[in-house]
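Here the structure is laid out as structure tokens; the discussion comes afterwards.
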Amino acid sequence: METVWPGIAEVQTTAARTGQWAGMDAPRFGPDKTRTFEGRAKVNDEWQDIQVTVTFPAWCEVTVYRVVQGTRCPFTETVWWEETYSRAGGARSEVPTDMWVKRPHGQLLKCAKAASLRAAFPEEADYTAEEMEGKVIEADGMPVSGETAAEVIEPAQAVDRNAALAAKSGDMNSAIEDEIKEQIERLIARAAKVGAWGQAEEYCRSRFKGPQLAYALEELRIAKDEAQSKKTERKAA
């Protein structure tokens, strides 16, 4: 299943808004390892054989604190680089993406933070964009290697307001399958939860076309306007 995921900063902000966020320890990294990765990846829109050598920390561990019934409780999770890194060729290749080659410590740290935040705030935190890059979700809800975004995202399409309005009414609306409508509803619900409106729009433009895209963008616009209106009302209260 394809979906949109919040960034690590959004997840951390959501945790902080609970009022129970109680800080985070400095990360702990395992010993450095050096490994040469080989495989096929897209370079300038063409598949090429790639070989890259990366030095990376074997693992990263982060402790997040949450106040539970007045007690500051630690939640620690460890993630391993070779199990976590994003693959440039998806399931077809073991070659890391450019970001994981350039920032082997930084990217793993983001994933370790996300894992610890999920442990401390299971109802508020979810998998993050940093973790899910180049991955898909299986039926059991666990992330596994998959195609990269570059392989599935098509150029953004311009959609005028008239097409969007038409998608909301009459024959065009009825032509959109209920399954698609439900998928869009789930997408909007996730975007509203963490305020990831930009990511949601990007996903819609990569996933849908024609009437489906117009319908999705109009529903997204309405939901975003409602969320912003409620936010303004809360600030004024």
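It is to be established whether one or more residues within the range 37-57 are at positive phi and either in the same structural domain as Phe208 (by TED's automatic domain parsing) or surrounded by 12 or more Cβ atoms within 10 Å (Cβ to Cβ) (or both).
Of the residues in the range 37-57, the ones at positive phi are 39, 44-45.
Now restrict to residues that are either in the same structural domain as Phe208 (by TED's automatic domain parsing) or surrounded by 12 or more Cβ atoms within 10 Å (Cβ to Cβ) (or both): 39.
Yes, the range 37-57 contains a residue that is at positive phi and either in the same structural domain as Phe208 (by TED's automatic domain parsing) or surrounded by 12 or more Cβ atoms within 10 Å (Cβ to Cβ) (or both).
Can you list the helices (runs of 4 or more DSSP H) found entirely within the range 144-237 that contain at least 1 residues being basic (Lys, Arg) and either modelled with pLDDT of 80 or more or in the same structural domain as Glu94 (by TED's automatic domain parsing) (or both)?
Values: elements: 149-152, 161-167, 170-175, 178-194, 197-207, 210-236.
By residue number, 178-194, 210-236.
Could you give me the residue pairs with C-beta distances under 8 Å whose first residue belongs to the range 22-38 and is among the small types (Gly, Ala, Ser), whose second residue is in a loop (DSSP other than H, G, I, E, B) and surrounded by 13 or more Cβ atoms within 10 Å (Cβ to Cβ) wherever it lies, and which are 6+ apart or on separate chains?
Within 8 Å, the pairs are Gly30/Ala58.
Suppose we keep only residues that are in a helix (DSSP H, G or I) and under 14 Å from the mean Cα position of the chain (by Cα) within the range 119-143. Which one would you say is modelled with the lowest pLDDT? Talk me through it step by step, then tell me what you get.
Here is the first cut: in the range 119-143, the ones in a helix (DSSP H, G or I) are 119-120, 129-132.
Subset that is under 14 Å from the mean Cα position of the chain (by Cα): 129-132.
Details: Ala129: 51, Glu130: 56, Glu131: 56, Met132: 55.
The extreme case among them is Ala129.
Identify the residue in the range 1-57 that is aliphatic (A, V, I, L, M) and part of a loop (DSSP other than H, G, I, E, B) and, among all such residues, is modelled with the highest pLDDT. Before you say what the answer is, go through the steps one by one.
Filtering the range 1-57 down to residues aliphatic (A, V, I, L, M) leaves 1, 4, 8-9, 11, 15-16, 22, 24, 26, 41, 43, 50, 52, 54.
When the remaining residues are screened for being part of a loop (DSSP other than H, G, I, E, B), the result is 1, 4, 26.
Working: Met1: 42, Val4: 50, Ala26: 94.
The extreme case among them is Ala26.
Going through the range 90-104 one residue at a time, which ones are part of a helix (DSSP H, G or I), modelled with pLDDT under 90 and charged (D, E, K, R)?
Arg92, Asp98
The values are calculated or read from the model by the stated rules, or taken from the named source; none is laboratory data. This one's a predicted model, so the numbers in the text were calculated from it and none came from an experiment. Cβ atoms come from the backbone with ideal geometry, glycine included; neighbour counts cover every protein chain shown.
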